[in-house]
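What follows draws every value from the coordinates through simple rules; no lab data is involved. Here the structure is a predicted model, which is why all the values come from computation and not from measurement. Here the Cβ is made from the backbone with ideal geometry for all residues, glycine too, and neighbour counts use every protein chain on show.
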Amino acid sequence: MNKKLSQFLVIASLVLAACGDGDIPSTTVFAEDTEASKLTSTGYTCPEPEFLMQVTSTELNLFVWTEFIPAEMVECFELVYGVKVNLDEYSSNEKMFDRISAGNSNYDLVQPTDYIIAMMTRQDLLQELDHARLPVLKNFNPSYLDFDFDPGNKYTIPYLVGTDAIIVNTSKVDNIPQSWADLWKPEYAGRMVFLDDSRAVIGLTLLTLGYDANTTDSAQLAEARKKLIELIPNIKLFDSDSPQTALVAGAVDLGVTWTGEAYLAQQRNPAIQYVFPAEGAILWQDNWAMLKDAPHSDAAYAWLNYINQPNIFWMVIRDWPYTNPNQAALDFAKDNQMKVADVTGNETTLSAIYDAYIASPITNVPASVIKNGHRITDVGEAALLYNDIWIEIKDGQ
């Protein structure tokens, strides 16, 4: 229970005892209704908006990545603004794009990864953001703004950042892979989990051939297709919902996954390591974008401002430890002795979670890894070639 609320209940009980069966004095306040109503189911007191927005909508429709939004973040927004959050999830950019481009989705906000944004803007699926209604932009590290995929953040603001690299249970694998090319070794047959991510998987395959991860050359893509077919016997499953699950359970021994999944898996089993491949990791950034026909844009702006304030966005550092572009939230966590539970359920402090975040090369990625990395970009009409390869690969898996 929230400490302030429990203290109040003690005081209230004493007042009741003193009053006996008589009337309660008119000066007695049993609870601050507004504060009590803003307690989450876990007892966290939801903070007031740093930038209060006028909202008339009564709901907000989000279409987001699977396992990516802290539950308390949603709960606090609902309690503070009185807006019901309807949350649907997807496990690939392509699935999200297909759903949105079909029209009449009724979603307000989505979380596109960098390369898919150009495709969405070409189809006029996104609306330009009004920066005057996003004062919270000041909280972001400038290193995560103004990328080539959205100059000036015309359509997007950052959510979380990460890499795709090799994950391996070192207690079960004798020869630790050091490159993407190593994953083709026969000794890994039937032992790997891969992301269900066409661009990343085809991209890393291209890198093993010495090609650009974003090539539009049909001959190079045909070569990548052939090589990727050779990899299929090594892959036990494709999973973008929770790739760490099979690894932690011991169903697989290695594979390819994202930053946050690797970090969470390592917290549960220190033998699990994250290896940045010699050819270079895949770099990405997930962002918030508002759909052109968003029915509740007022609630969407309120959401973007509220969740990105430091005393809310710290929840992401705890729950989904990807690389965090929100510098204000990191600063809030740095010296904060708030008692929280870590991913294993043990009590710790927010500052301890921050320290672990900073100490880990998984989340605090070395500059050399970023310099050697590859960002997936829009390939225009060649996207159809990538899609055809992926359908064939998945059908044969």
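Each Lys and Arg contributes +1 and each Asp and Glu -1, all at the Cβ; summed about the Cα centre of segment 136-224, the dipole is approximately 300 debye.
Dipole check for the chain: with +1 at the C-beta of Lys and Arg, -1 at the C-beta of Asp and Glu, and the Cα centre as origin, the magnitude is about 720 Debye. Membrane-span-like helices in the chain, defined here as complete DSSP H runs extending at least 18 Å along the helix axis by their C-alpha atoms with mean Kyte-Doolittle hydropathy no lower than 0.0, are 3-19, 383-396; this is a sequence and geometry rule, not a statement about a membrane. Taking other C-beta atoms within 10 Å as the exposure proxy, 368, 57 rank 368, 57 from fewest upward. Around the amide H of residue 340, modelled in the peptide plane, lie the amide H atoms of 348, 349, 350, all under 5 Å away and 5 or more residues distant in sequence or on another chain. Rg and Dmax of segment 89-173, both derived from C-alpha coordinates alone, stand at 16.0, 53 Å. Residue pairs exceeding 27 angstrom between C-alpha atoms, taken from 226/371; 172/236; 185/394; 292/371: 226/371; 292/371. Converting phi to 3J(HN,Hα) with the Karplus coefficients 6.51, -1.76 and 1.60 and the offset θ = phi - 60°, segment 276-293 yields 7, x, 4, 6, x, 6, 7, 9, 7, 9, 8, 9, 8, 9, 9, 5, 4, 9 Hz in sequence order, with x at every glycine or proline.
With a sphere of radius 13 Å drawn around the Cβ of residue 207, what net charge do the other residues whose Cβ falls strictly inside it have (Lys, Arg +1; Asp, Glu -1)?
Details: positive: 199, 227, 375; negative: 164, 182, 212, 223, 279.
So the environment of residue 207 carries a net charge of -2.
Other residues within the sphere of radius under 12 Å centred on the Cβ of residue 328, judged by their own Cβ, net out at 0 (K and R +1, D and E -1). Exposure proxy for 144, 211: other Cβ atoms within 10 Å of each Cβ, ordered fewest to most, give 211, 144. When the Cα gyration tensor is reduced to axis lengths a ≥ b ≥ c, the ratio a/c is 1.5 or higher for segment 247-397, and with a/b not above b/c it is classed as oblate.
Taking mean projected area of the Cα convex hull in nm² straight from the coordinates, which label in [x] 25.1; [y] 22.2; [z] 18.2 is the correct one? Correct label, based on the coordinates given: [y].
Could you tell me which of rounded, prolate or oblate describes segment 211-268, using a ≥ b ≥ c as the square roots of the eigenvalues of the alpha-carbon gyration tensor, with rounded for a/c under 1.5 and, failing that, prolate when a/b is larger than b/c and oblate otherwise? Can you show the working numbers first?
Numbers: a/c = 3.81, a/b = 2.03, b/c = 1.88.
It is prolate, given that a/c is not under 1.5 and a/b is the larger ratio.
Quick check: Cα centre of segment 337-375 to Cα centre of segment 212-260, how many Å? Centre-to-centre (Cα) distance: 25 Å.
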